[in-house]
Structure formats: structure tokens, C-alpha cells
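The values are calculated or read from the model by the stated rules, or taken from the named source; none is laboratory data. Source: prediction; values computed, not measured. In this analysis, Cβ positions are derived from the backbone assuming ideal geometry, glycine residues included, and neighbour counts consider all displayed protein chains.
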Amino acid sequence: MRPSRLLLASMLLLLASSAEGRTFDEIKKSGKIIVATEGAFPPFNFFRGPTLTGFEVELAEALVKKMGVAIEWRALSFDALLAGLRQDRWDLVIASFGITPERSKAVMFTNPHYCSGGIVVSKDPAIRTSTDLAGKTVAVQTGSTYLENVSKLTGLKEVKNFPKDTDCRSALANGRVDAWVTDRFVAKGALQANPSAGLKAGDFVFIERIASAVKQGNTSLAQAVNEALAALMADGTYEAISKKWMSEDIRCR
């Protein structure tokens, strides 16, 4: 049965209104923004017992407070976050997504909230650079820019991708891989937390800018996030959160 013209018009209007996700005005009227993250990427976003915490979690909560709304968190697998954003399951994603041309076709990134990059981590002190990975088995997270960039390297024995970055760390610690490529701050935290594991940090494989994301076309929400982020960087809040978690100010210079 074909829909009536009135029903068809109503359906098209509904689709058009949700095409760009909830605008910032709509979010303000509801009083709440839904924010998604992974919850398995310390020290940026992770669970400490039942509590979601980390640099990005605290930063997002400060951003939302500055924007004048309440926050409702969602935590799920990294590779499902941007897909859920496109399906209007949440309004904002903050989960250490590096800005790439391919991702920028699917979602709209805000201004970056930190700059970092992927570095080599290994137990073998001779494995420090991208060149040293030749003939080696390397662990990286599924759906990450670490997987994307490591896959471009030539001469590797194997690239093993895991659902969580912490799985990659475990694979290296257990001797199932020769190296792990991850964010430099994640590596720093892992080395400090487990000095007896014998992990050693090497050089950068690539550099990237990391930002939160909204649905493609949702310029009003992106602008609100950018304005709040600029305010936090100006009033000292960002620096305080950054130094608490990273012992340094990690904003892009």
C-alpha cells in the first residue's frame, strides 16, 4: 500500500528535521545533551569501578556545564560510536577520534581538544621506529587511526587488530605480538602504571589532531562546543584538567 500524500509529506518533513541531528537550541530546550564515548581508553575515557572518568570525560562535563545543559553518558565499543552519531542515537561523541579526511566525510568535527600521535611500544628496546617494525607482528585497535597508519607500513609480518586498545596492551605484555602502536599519552600512562611489565616507548609513527564529533551538518552544536572549549582554554579550566590527567597541557599549539 502506498502512503498518502499527506503522510508522505509528514515523513519527508520528519526526515528533514532530523537530517542534521538535534540543534543546540533543541538540546537547550530539552535541558540535556547525550554524549557517547568508549570507556576503555585510559587515561582519556575509562571506567574506574562503575564510574566513567578520564581526561575527556571531565573535559566533556566542563564543556556541557559551560553550555548550560546537563549531560547523559553512553559508553560502547569504539567502532560503533560514529555510526550511532549518524543514526541520531546521541548528540556528541568524544573518544579520542583523530581528524581524518575519510571521517570528515561522515561526521562534523569540532575544534581539536588535544594533539598527539601514535607511537611504538615494545618490550624489545631495538624496536623503536616505524622501520624497526619490519618483519614484526604489531597490535592496533580496530577502527582506529593506529590501524589505518600501521596498515600503510611496508614489510610488517602481521597487523593484529583488537576491539579495545587495552587488549593490544595485553597482547604485547603476554608476548603475542612484538609491538603495540597507540596514543603517546596512553603509552605514557601504561608505562607508569606497570613499570614491571618491561614496556618501552619508542618514536612517533604519525601525528594527529583529536576532536569531538557531531552529526554532519550540525553547525549550531559544533559552534556551541567550540565556543565552550575556547572559554575553558581561556579561563584555566582546560589546563587544570589536562595537568591533572596528563601532567602537562596537551592542547594543540
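In segment 20-42 there is at least one residue matching the filter, namely being under 15 Å from A222 (Cβ atoms) and modelled with pLDDT under 95.
Confirm whether G143 is in contact with a Leu (Cβ under 9 Å, 6 or more places away or on another chain) and in a loop (DSSP other than H, G, I, E, B). Yes. Here L81 fulfils each of the conditions (1) assigned by TED's automatic domain parsing to the domain that holds L232; (2) part of a strand (DSSP E or B); (3) surrounded by 16 or more Cβ atoms within 10 Å (Cβ to Cβ) apart from (2).
For the condition surrounded by fewer than 16 Cβ atoms within 10 Å (Cβ to Cβ) and modelled with pLDDT under 95, what is the one hit in A231, A240, A193? Only one candidate passes the filter, namely A193.
When restricted to residues that are outside any helix (DSSP H, G or I) and either small (G, A, S) or in contact (Cβ under 8 Å) with a residue 24 or more places away in the chain (or both), segment 84-103 contains 13.
Tell me, please, whether a residue that is within 21 Å of the chain's Cα centre (by Cα), polar (S, T, N, Q) and more than 16 Å from H113 (Cα to Cα) can be found in segment 35-52. Scanning segment 35-52, I find at least one residue that is within 21 Å of the chain's Cα centre (by Cα), polar (S, T, N, Q) and more than 16 Å from H113 (Cα to Cα), so the answer is yes. Contact map, segment 27-46: first residue free of Cβ contacts under 8 Å to residues at least 24 places away in the same chain, second residue buried (at least 20 other Cβ atoms within 10 Å of the Cβ) and among the acidic types (D, E), Cβ cut-off under 9 Å, separation 6 or more or different chains; pairs are F46/E38.
Between T166, T131, the distinction of being exposed (fewer than 13 other Cβ atoms within 10 Å of the Cβ) and of a type outside the set (A, V, I, L, M, F, W, C) belongs to T131 only.
Which ones in segment 84-94 are surrounded by fewer than 23 Cβ atoms within 10 Å (Cβ to Cβ) and of a type outside the set (D, E)? Within segment 84-94, G84, R86, Q87, R89, W90 meet the criteria.
When A179, A222, A213 are checked against the criterion of being farther than 23 Å from T37 by Cα, modelled with pLDDT of 95 or more, touching a Ser or Thr at 6+ places or on another chain (Cβ under 9 Å) and surrounded by 16 or more Cβ atoms within 10 Å (Cβ to Cβ), A179 stands alone in meeting it.
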